[in-house]
Ligand SMILES: Cc1cc2nc3c(=O)[nH]c(=O)nc-3n(C[C@H](O)[C@H](O)[C@H](O)COP(=O)(O)O)c2cc1C
């Protein structure tokens with residue numbers, strides 16, 4: 001299985017979590033790492049190139065830090081222009097159908113804050129529904145997301161464990177929710 005990991009972090013040099021996750025994947029022969037902010041600092045996305053890259057892989061993982069209950073803005077732009085009508089959805093838009101789509105998300109808010117009783121008031125499952133809905137529309141199989149909450153309190157040992165789990169998620173997990 002060939003996996004494309006699209007890393008969208010506007011400041012990866014200063015990242016602790018996403019950088020560690022990404023570095024852990026670097027020796028995986030079946031994984032292609034694609035950093036959106038490095039490729040398109042001007043937000044001018046090469047749609048044909050992105051579509052070609054997607055078609056070459058069986059599993060697509062979108063890795064990003066949670067920003068305002070969603071992804072950093074370049075990933076939203078990527079959705080808007082790459083998942084086009086007649087290609088990803090609509091008449092003849094079946095190019096991603098049958099592939100697997102995964103999310104890997106880090107959050108500042110601790111796990112208990114992403115509960116109905118917590119200060120964020122909604123669960124991660126609820127907040128990530130737009131990604132799942134997109135997956136449904138484009139016909140991909142939505143993997144159970146890989147989430148690391150409360151990053152400020154993740155110590156080095158926990159981060160090492162998380163990177164090991166993340167590599168497993170990217171390279172082997174096959175649990176899908178739809
Ligand atoms: C613009 C911005 C918006 C953010 N929004 C959220 C948010 O909605 N929820 C949350 O839990 N953390 C939020 N954060 C915190 C980031 O998710 C957190 O810093 C990141 O996951 C840490 O990963 P890194 O070490 O790879 O940078 C936000 C951070 C920034 C800079």
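Only the coordinates and a few stated rules stand behind these numbers; no lab work does. Note that this is a predicted model, so its numbers are computed, not measured.
Assorted remarks:
- Counting every alpha-carbon pair across the chain, the share separated by more than 24 Å comes to 35%.
- Folded to 0 to 90 degrees: helix 129-138 orientation relative to the chain principal axis, Cα: 20 degrees
- Using alpha-carbon coordinates, inclination of helix 156-171 to the longest axis of the chain, degrees: 20 degrees
- Cα centroid separation, segment 122-167 to segment 49-69 (Å): 13 Å
- The C-alpha atoms of the chain define a longest principal axis, and helix 73-82 lies at about 20 degrees to it.
- Ellipticity estimate at 222 nm from DSSP helix runs (n ≥ 4, -39,500 (n - 2.57)) divided over the chain, nearest 500: -10000 deg cm²/dmol
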